[in-house]
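Q: First the structure, then my questions, so here it is.
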Amino acid sequence: MLEIKALAEQNRFPPCVRRGGVFPFDNRPAWVNCLLRVLTAAPETHVTPGGQRRHGTAGPALDALDAGLKRAGVSVEFIRIHHQPDGRFPAGVPNPMLPENRQSTRQAVIEHHADAGIAWDGDFDRCFFFDERGDYVENYFLVGLFAEYFLRRYPGSRIILDPRLIWNTLDVVARCGGTAIVSKTGHAFIKARMRRENAIYGGEMSGHHYFRDFGYCDSGMIPLVLMLQILGADAQPLSHLMRHAQARYPVSGEINLTVNEPAALLHDVAAHYAPSASGRDDCDGLSLAFADWRFNLRASNTEPLVRLNVETRGDAALLVHKTHEVLMLISALQAAKETL
């Protein structure tokens with residue numbers, strides 16, 4: 001990639017025999033029609049999502065989808081903020097996984113009394129939801145919500161999930177009669193596993209959601225259409241739909257840590273915890289399970305970081321304790337490495 005970048009910056013290209021041309025083509029009408037196939041019925045409830053894009057590319061796509069929803073008879077009003085694409089990102093990096101980037105969506109939901117909030121990353125292949133109180137909803141719990149949605153309609157189907165947080169999704173899939181399959185994190189791995197298993201749906205806690213009827217690929221807009229469908233068909237607000245799962249399996253949220261040698265760190269953490277663990281999975285980083293808590297520690301595929309996720313079985317105090325414990329161990333291991 002760096003070589004291609006250097007060639008482009010040098011602008012030294014050999015002359016071509018035949019010059020190419022530009023032929024404009026608008027594929028948005030077909031794309032919107034594809035998204036609208038998700039709707040089994042036009043939601044009757046008036047749903048008002050506050051939408052944040054932080055000047056990424058989702059704005060024009062949302063406008064096209066909004067027009068299609070209205071033609072389909074969906075009663076929806078979008079409150080748009082940071083709507084126009086701007087590569088300078090004047091409102092900050094468009095990454096709603098970072099807590100500091102959520103405040104404007106939260107404020108918009110509260111100010112406009114919206115039914116929900118949604119935010120996208122820069123290229124809108126990931127989406128993030130906020131409930132009617134403006135509280136951020138971990139994607140982990142949305143994977144369970146969407147898995148249940150599909151399994152109610154396609155009984156016995158297969159659901160793909162990543163190994164970072166799993167207990168809630170495993171419970172939902174088992175209760176609804178489906179088959180849960182854990183895959184290595186990352187769109188290349190999830191898409192391949194979706195195809196191999198012919199899975200109806202796959203979800204990552206990073207905000208990527210994959211759909212069999214979308215070529216087994218991820219979409220940042222289909223989850224919005226699904227949420228409109230769910231909220232329109234259920235009298236409960238989003239916070240109520242999430243509360244039982246959130247209480248059963250409290251989570252730490254993803255914690256990013258900069259370390260010098262990720263592989264060595266995972267080895268040392270495993271040496272400390274694995275002897276007392278009831279289960280271990282190395283399909284993507286290190287996952288260790290105990291009677292009432294578990295964690296996943298993995299190196300980022302794209303950044304010089306390790307990412308930690310912790311969950312417990314209904315014990316918020318234990319969650320705080322164990323998250324702190326793992327972080328202190330990592331800090332001690334890092335300090336020991338630096339003194340060598």
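What follows draws every value from the coordinates through simple rules; no lab data is involved. Predicted model, so just to flag it, every value in this text is computed and none were measured. Note: ideal-geometry Cβ built from the backbone for every residue, glycine included; neighbour counts use all protein chains shown.
Q: Go ahead and set up a Gaussian network model of the chain, Cα springs under 10 Å, then flag whichever of Arg133, Arg12, Arg195 fluctuates most.
A: Arg12
Q: Mind checking the full-extension length gain between Asp135 and Gln10? Use 0.36 nm per residue of separation minus the Cα-Cα distance, one decimal, nm. Intermediate results must be reported in sequence, preceding the final value.
A: Details: separation 125, 0.36 × 125 = 45.00 nm, distance 4.76 nm.
Residue separation times 0.36 nm, minus the Cα-Cα distance, leaves 40.2 nm.
Q: Could you tally the net charge around Trp293, taking each other residue with its Cβ under 12 Å from the Cβ of Trp293, Lys/Arg +1 and Asp/Glu -1? Mind dumping the intermediate values first?
A: Working: positive: Arg294, Arg313, Lys322; negative: Asp292, Glu311, Asp315, Glu325.
Value of the local net charge: -1.
Q: Roughly how many whole Å is it from the C-alpha centroid of region 275-290 to that of region 1-28?
A: 47 Å
Q: Now for a different question. Would you mind calculating the gained length between Ser75 and Gln334 on full extension (0.36 nm times residue separation, minus the Cα-Cα distance), in nm to one decimal? Walk me through the numbers before you get to the answer.
A: Working: separation 259, 0.36 × 259 = 93.24 nm, distance 5.37 nm.
That pair, Ser75 and Gln334, stretches by 87.9 nm at full extension.
Q: How far apart, in nm, are the 7 Å Cα→Cβ label points at Tyr154 and Ala264?
A: 4.6 nm
Q: Counting other beta carbons within 10 Å of each residue's own, what order do Lys191, Lys184, Lys70, Lys5 fall into, fewest first?
A: Lys5, Lys70, Lys184, Lys191
Q: With r defined as the distance between the Cβ atoms of Val93 and Ala277 and R0 fixed at 30 Å, what FRET efficiency is calculated, to the nearest 0.05?
A: Once rounded, the FRET efficiency stands at 0.25.
Q: Still on this model: Using the Cβ atoms and a cut-off under 14 Å, what net charge is assigned to the surroundings of Tyr201, where Lys and Arg are +1 and Asp and Glu are -1?
A: For residues surrounding Tyr201, the net value is +1.
Q: Then there's this: Using mean Cβ contacts within 10 Å as the protection proxy, how do 275-287, 243-255 order, highest first?
A: 243-255, 275-287
Q: What is the sum of charges, Lys and Arg at +1 and Asp and Glu at -1, for the other residues whose Cβ falls under 13 Å from the Cβ of Cys176?
A: It works out to a net charge of +2.
Q: Can you name the helices of the chain, as whole DSSP H runs, whose Cα span along the helix axis is 18 Å or more and whose Kyte-Doolittle mean is not below 0.0? Intermediate values should be presented prior to the final figure.
A: Details: long enough: 58-71 (20 Å, 0.06); 139-153 (21 Å, 0.45); 316-339 (35 Å, 0.66).
Result, helices passing both filters: 58-71, 139-153, 316-339.
Q: Let me ask something else. Over the chain, what is the relative contact order in percent, taking alpha-carbon pairs closer than 8 angstrom and at least six residues apart?
A: Values: 604 pairs, mean separation 45.0, N = 340.
It rounds to 13 percent for the chain.
Q: Which of Glu204, Glu9, Glu197 comes first, and how do the rest follow, when ranked by fewest Cβ neighbours within 10 Å?
A: Neighbour counts put them in this order, fewest first: Glu9, Glu197, Glu204.
Q: Given a Förster radius of 41 Å and the C-beta distance between His321 and Asp63 as r, what FRET efficiency does 1/(1 + (r/R0)^6) yield to the nearest 0.05? Please list the in-between numbers first.
A: Values: r = 47 Å, r/R0 = 1.15.
Given R0 = 41 Å and the Cβ-Cβ separation, E is 0.30.
Q: Taking only Cα atoms and a 10 Å spring cutoff, compute GNM fluctuations for the chain and point out the largest among Val22, Val93, Val38.
A: Judging by the Gaussian network model, the answer is Val22.
Q: So how strong a dipole does the chain carry about its Cα centre when Lys and Arg Cβ are +1 and Asp and Glu Cβ are -1, to the nearest 20 debye?
A: 920 debye
Q: Further question: Have a look at Gly21, Gly203, Gly178 and tell me which one the Gaussian network model of the chain (Cα, springs below 10 Å) gives the largest fluctuation.
A: Highest fluctuation among the options: Gly21.
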